[in-house]
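All remarks here apply to the structure that follows.
The values are calculated or read from the model by the stated rules, or taken from the named source; none is laboratory data. Because the structure is a prediction, the values reported are computed rather than measured. Neighbour counts run over all protein chains shown; Cβ positions are idealised from the backbone, glycine included. Ligands, DNA and RNA are excluded from the accessible area calculation, which covers all protein heavy atoms including side chains. Shrake-Rupley method; radii C 1.70, N 1.55, O 1.52, S 1.80 Å.
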Amino acid sequence: MRHTRSSKVFATFVLMLMMTGLGVQGQGNSCGLTFFASLIQLIPCRPAVIPFSPIPPSETCCTALKALGQPCLCVLVNGPPISGVDRNMAIQLPEKCSANFEPCSITN
């Protein structure tokens with residue numbers, strides 16, 4: 001039941017982003033994607049970043065994270081809050097996926 005609620009909240013958030021056309025770009029080493037596009041690419045990581053989730057990132061998540069890259073991950077962790085996503089867990093994804101990323105500077 002809780003999973004269904006968080007899925008609905010996440011779907012609502014994605015819909016809101018689509019309707020507003022939110023487009024936050026990265027700084028420095030530019031991401032090249034909008035906030036929304038970065039978020040969509042990391043959907044396979046959703047189970048691993050739910051608050052208090054004991055689920056490790058899947059191989060699909062790690063592949064998506066590595067394809068996305070560090071600048072775009074930093075756009076996400078420094079962007080608007082994402083309902084049902086623990087930013088601290090998202091920041092840990094590169095280490096858990098053995099991705100050789102520099103840490104994101106947290107600006108919020």
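Values computed for the structure shown
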item	result
Residue that is farthest from Val85 (Cα to Cα) [pool: residues in the range 29-48 that are in contact with a Ser or Thr (Cβ under 9 Å, 6 or more places away or on another chain) and buried (at least 21 other Cβ atoms within 10 Å of the Cβ)]	Cys31
Hits in the range 49-64 - residues which are open to solvent by 40 Å² or more (accessible area, probe 1.4 Å) and in a helix (DSSP H, G or I)	Glu59, Thr60, Thr63
Counted residues, the range 67-76 - those being under 14 Å from Ile40 (Cα atoms) and either among the hydroxyl-bearing types (Ser, Thr, Tyr) or in a helix (DSSP H, G or I) (or both)	6
Residue ID - most open to solvent (accessible area, probe 1.4 Å), chosen from residues in the range 84-108 that are hydroxyl-bearing (Ser, Thr, Tyr) and at pLDDT below 90	Thr107
The one condition in (1) modelled with pLDDT under 90; (2) open to solvent by less than 70 Å² (accessible area, probe 1.4 Å); (3) not in a loop (DSSP other than H, G, I, E, B) that His3 fails to fulfil	(2)
